[in-house]
1. Going through ALA285, ALA303 one at a time, which residue ends up being in contact with a Gly (Cβ under 9 Å, 6 or more places away or on another chain) and small (Gly, Ala, Ser)?
2. Check region 289-310 and report whether any residue there is closer than 30 Å to GLU84 by Cα, surrounded by fewer than 16 Cβ atoms within 10 Å (Cβ to Cβ) and hydrophobic (A, V, I, L, M, F, W, C).
3. Looking only at region 334-375, how many residues end up being surrounded by 12 or more Cβ atoms within 10 Å (Cβ to Cβ), over 43 Å from the mean Cα position of the chain (by Cα) and among the aromatic types (Phe, Trp, Tyr)?
4. Of GLU135, GLU191, which residue is farther than 19 Å from GLU23 by Cβ, modelled with pLDDT of 90 or more, part of a helix (DSSP H, G or I) and among the acidic types (Asp, Glu)?
5. Looking only at region 215-241, which residues are at pLDDT 90 or above and assigned to a loop (DSSP other than H, G, I, E, B)?
Amino acid sequence: MRRFLLPLMGIQFLWASQTSLDEILRHAKIPKLLNEKIIQEAQAHQSQTLADTQASPLTLNHALAYNDGVDDSGVEHAIGLSKEFILGNIQSLEQRQQRLKSEANLLEQQKELISLENQLKNLYHQHCLDDAYLENFQERYNTFGSLYTKKEIAYAQGEIAKTELLQLQLEQNRLKIELENLKDKEQSSREQLLSLTSMAQSNRLSCQDTYPINANISITQQAFSLSQEAYKKRIESTQAGLQRHAHKIESVEVSLDYSKELVNDIYTIGVSVPLNFSSQKSNYAKATLMHQSSAIALEQTQALTQKAYQLNRLMNRLQRDVKTIHAQEENIQNYTNNLLPLMKKSYDYGESSVIEYLLSQEKLYTLQQTLLEQKKDYYQTLFELYSISEIKDKS
């Protein structure tokens, strides 16, 4: 009983050790670094905003003087403190203005993070296609090997000519070289993907969780959400700036001074109030913000229109890809189920030459290779579409 359990446990271990797409994304190095960078930049922007919007620090003034008078002479000194106080909600408006700008910039980086993850998904699917094609080619190579073995026996019994056996041998050698190339390609695509993660390059990929080929991808309600939110925050930032510059009196400065003039003690309290109406600075600042708000709105319309065009173009290409793939699959099925058996039967009965038989096999390989490239194009388009749409997960 133990002899049967050990192989079963080995198979279960191999299956459990296969790496899924979710594990690839969890262990991906570049998105993880970018995400950490986004977190650190958010904290840096928050601290910088607080630093930029703080009032001026308390000021200490001290002076010494020597009075050389006719009647009295001696050292005089003065000391004072002054502090600026920002009025109303100006400080909170300035903080809101800067914070919204920073949040908009961070949203732009979130789009880059989504694009990176979609690139990893595409590499995963490209490898899985290579792996599936390799498995199919290996099966056909083994089938051809069985045929070649039978023909060796037939040649030994004098049923076929040596030239026919040599042609079959040449084809088997060609298929072996092609098989080795496919193995190298499969290994290379797997190692390329795993090199972007913290996982060992010897890991096998599951390929049981690939996205189905589907023309009906519904993403219109989710599309461009990050871009729209970023533009919204930029416009809100300009609105906060306009409210900040609407105050006629922004701050006051209070000073307390004490001076000792020989035998006299002098105490002074002072208040300084900037009169904004005496300058055009606030008006120019408000005009700048209004123009910025209009420019952001126009940029948003232009960018989203361009994105909508790209989305529509990719959707049309995706639908064409799906139609082409289905037509190619039907073509291969018809060829495999109808024409290929007839060619094999004709060859077995000596009604067609070995060249004709090999050409029929080569035609099948060509059709399958074309299908492989068509599926790769589909996934390339699909994940490009998800990146343009700013969608992280499949819908």
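1. None of the others qualify; the one that does is ALA285.
2. Yes, the conditions are met somewhere in region 289-310.
3. Counting residues in region 334-375 that are surrounded by 12 or more Cβ atoms within 10 Å (Cβ to Cβ), over 43 Å from the mean Cα position of the chain (by Cα) and among the aromatic types (Phe, Trp, Tyr) gives 2.
4. GLU135
5. The answer is PHE224, and nothing else.
The values are calculated or read from the model by the stated rules, or taken from the named source; none is laboratory data. The structure presented is a predicted model; accordingly, all values stated were derived computationally and were not measured. Glycine also receives a Cβ, built like all others from the backbone with ideal geometry; neighbour counts cover every protein chain displayed.
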